[in-house]
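The next block holds one structure in the form of structure tokens; read it before the comments.
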Amino acid sequence: MTPAASNPVNADGEPIPVPLLVQKARSGDEAAFGELMQAYYPRVYGMLLGMVRNPDDARDLSQQVWVKVWKKLDTFKGDADFYTWLYRVAHFSALDAIRKQKRRREVDLLDALEPNRDADVAVPPSLTSRPDDQARATEIDVAFQTALEQLSPEHRTALMLREVEGLSYDEIARITKSRRGTIMSRIFYARKSMQQLLKEYR
Amino acid sequence: MNRRTAERWMSMAMDGELSPRCQERLDAYLKAHPDVQQIRDEWGHLGAQLRQLPVTPPQTPAAAWQDVQRAIRVGQSEHTSDSVPTRHFALGWASATVAVILMLAGAGVWLVGLGNRGMPGPIALADRTQVEWIETDVPDAMSMVYEDETTGLTVIWVMMADPDQENDYAG
């Protein structure tokens, strides 16, 4: 568990009393909820961005998640850490959004999807033709982003929560409502897949 | 230990999820297999790249909070306005029930009123028509006599028993 996840800080860098703020927010204290939201906002946004891979979608989704958290706060029983519950709401909201987006894409013309995918995968010729280090770095960055996008949302989330948030298998299992063994497997396969997809850039 | 198991354990070890005993076995395997150790280095590099991904939110937390506050208030006002149709619906049902009761009461009053005014109607006929049951010589028949209000004629009805029905009963 990262200290930031369990002990977030306010704008002045001081730790915020999460249980107290949660208790106040549950009784309708909007200011307390605002303090909680602002403390966790960057991390929740980062997690959502890791899942949906689009800053605009992550921003919209982030707002929806916080509104949902406000509405559902009375269902938080307090038997788990607040951030576990919060990440779970965010995780399942993102999965819903990804599924809806996928359905919308399926409804769209299939041939419209292919050029987009090609555009994402293909490295611009200008980059491949430039020998300088910056172009190479950009090329690797594009390849890395593309490889990450090719993981399933479940594999990507498990990997991101582990590598970026530093959460344990048990914590990720609680957030995603999965078994510990499933999380272990997802992280392993995510690493393997990324390694395979990026092998030509080693 | 085979390579697949070693890779799985390596992944767990990187995450601090491998038991000390398994860690020892893994370390021994990795000493003998430097190519697998190289994979661990690649995975480590992958993790570092993930942590370096730009995740700067497009808004400051304070600005995001203002948006969320607005969204919460819009949601609350929508929720409030949502309850208006529900109230209208309930009022509609109450009104409909009262209307039906009034209609039934009105119909009853109308029928009674018709009877009192001597108009032809079920209650009026029942009150005013004098029906008389009389004996008849026809076997198994009943007869009734009444005076028709409209025509002024005396009507005699003779009702014969149904032979088939009789047979059924006799069955």
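Compute the normalised compactness of the stretch A:129-202: alpha-carbon radius of gyration over 2.2 N^0.38 Å, N being the residue count.
For the stretch A:129-202, the normalised Cα radius of gyration is 1.30.
In the stretch A:56-83, which residues become less accessible by 40 Å² or more once every protein chain is in place, relative to the chain on its own, using a 1.4 Å probe?
When all protein chains are present, A:ARG59, A:GLN63, A:VAL67, A:TRP70 each give up 40 Å² or more of accessible surface.
Do the alpha carbons of any pairs in A:LYS177/B:LYS31; A:LYS77/A:LYS102; A:LYS24/A:LYS102; A:LYS68/A:LYS199; A:LYS100/A:LYS177 sit beyond 29 Å of each other, and which pairs? Before the final figure, lay out each step's value.
Values: A:LYS177/B:LYS31 37 Å; A:LYS77/A:LYS102 33 Å; A:LYS24/A:LYS102 38 Å; A:LYS68/A:LYS199 41 Å; A:LYS100/A:LYS177 20 Å.
Checking Cα-Cα distances, A:LYS177/B:LYS31; A:LYS77/A:LYS102; A:LYS24/A:LYS102; A:LYS68/A:LYS199 exceed 29 Å.
At 1.002 mPa s and 20 °C, plugging the Kirkwood radius over alpha-carbon pairs of the stretch A:1-117 into Stokes-Einstein gives what diffusion coefficient in µm²/s?
138 µm²/s
Of the listed peptides B:30-39, A:42-51, what is their order by residue-averaged count of other C-beta atoms within 10 Å, with the highest listed first?
A:42-51, B:30-39
Counting Lys and Arg as +1 and Asp and Glu as -1, each charge on the Cβ, what is the dipole of the stretch A:1-117 about the Cα centre in debye, to the nearest 20?
Dipole size: approximately 440 debye.
Just how much of A:ARG136 is accessible, in Å², when a 1.4 Å probe is used and the result is rounded to the nearest 10?
About 90 Å², ignoring ligands and nucleic acids.
The values are calculated or read from the model by the stated rules, or taken from the named source; none is laboratory data. All values derive from a computational prediction rather than experimental measurement. Every residue, glycine among them, receives a Cβ derived from its backbone with ideal geometry; neighbour counts consider all protein chains shown. Side chains included, ligands, DNA and RNA excluded: accessible areas come from the protein's heavy atoms. Shrake-Rupley method; radii C 1.70, N 1.55, O 1.52, S 1.80 Å.
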